[in-house]
């Protein structure tokens, strides 16, 4: 009886000791086992197929699975070794084909950009390099430039091996300076085009309208590039105010003031805002005056019509009386 009791206590202690371990084991569940085995199978298949893009995807999936060692002792080490080397090879191949940048994530169809491969393996220097090449190929692409400017968002340096602390990655100052050179030259080019467009502001009212549309388009676009420079978009907005002043100085400003208004609204300075307020007030007053004038004309026509109707009715009555009706 005593032996049975001791054995029972021993089993109970064993159960108490083992249960928490299994409960805390992230790889003990059926789904975890299934996922790990599937990852190993996918890796084996990709390695045998010899398709680098698919193999890279399989390697990355392996790196995110902590339970693989139970089913393949070398899969994790193969992935850790393979990702940077294969990623760099794929990036160079994509660069050679001209696939420099794409917002799409890493894909298995061979259409991933060089930037995305370099970014994925943490080679930020080469990622920045191909980004600059992409910008040089599309110097007017402000959306691409904006992406290049914010490229460090989400980047981290390799964690400290002792503390595990991570610091955000910051691109070299030279990279930022090169971007500013691109922004500056593009803005300058747009401002020169705007100068040519603004020549139409001295023409007819129709020419003023066309020139304003093109001029403002260039000023707004130039301002978008200037925002990345230390002086900001001040130059574009100051020129817009000058264009507005040019139009208001015309002898036919009554017919062209709407164009001046658009320039002043874009300029946005306190002085321009005052001009906008004054112009809108003047335009509202003119609108009310025209409305009142229209009502007077309408009333005059109505009175004339009534008088003519009365005269017609009188003549009709006289005629009927004369004819004996």
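The values are calculated or read from the model by the stated rules, or taken from the named source; none is laboratory data. Computed from a prediction, not measured in an experiment: that's the story for all the values here. With ideal geometry, Cβ positions are generated from the backbone for all residues, glycine too; neighbour counts draw on all protein chains shown.
Details
Table: residues versus (1) over 30 Å from residue 250 (Cβ atoms); (2) surrounded by 15 or more Cβ atoms within 10 Å (Cβ to Cβ).
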{"site": "154", "(1), (2)": "yes, no"}
{"site": "164", "(1), (2)": "yes, no"}
{"site": "187", "(1), (2)": "no, yes"}
{"site": "195", "(1), (2)": "no, no"}
{"site": "200", "(1), (2)": "no, yes"}
{"site": "211", "(1), (2)": "no, yes"}
{"site": "215", "(1), (2)": "no, yes"}
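- One residue from 235, 258 being under 16 Å from residue 209 (Cα atoms) and either surrounded by 13 or more Cβ atoms within 10 Å (Cβ to Cβ) or touching a helix residue (DSSP H, G or I) at 6+ places or on another chain (Cβ under 8 Å) (or both): 258
- Checked against (1) within 25 Å of residue 158 (Cβ to Cβ); (2) modelled with pLDDT under 95, residue 108 passes all but condition (1).
- Residue match in segment 189-205 (condition: at pLDDT 95 or above and under 30 Å from residue 118 (Cβ atoms)): yes
- Residue match in segment 218-229 (condition: in contact (Cβ under 8 Å) with a residue 40 or more places away in the chain, assigned to a loop (DSSP other than H, G, I, E, B) and surrounded by 14 or more Cβ atoms within 10 Å (Cβ to Cβ)): yes
- Flag for residue 112 being in the same structural domain as residue 50 (by TED's automatic domain parsing), assigned to a loop (DSSP other than H, G, I, E, B) and crowded, with 16+ Cβ neighbours inside 10 Å: yes
- Residue that is surrounded by 15 or more Cβ atoms within 10 Å (Cβ to Cβ), at pLDDT below 95, in the same structural domain as residue 37 (by TED's automatic domain parsing) and over 26 Å from residue 133 (Cα atoms), where the choices are 64, 82: 82
- Residue within segment 249-256 that is modelled with pLDDT of 95 or more and part of a helix (DSSP H, G or I) present: no
- Taking the listed residues 167, 173, the one that is free of Cβ contacts under 8 Å to residues at least 12 places away in the same chain, closer than 30 Å to residue 224 by Cα and outside the structural domain of residue 59 (by TED's automatic domain parsing) is 173, with no other qualifying.
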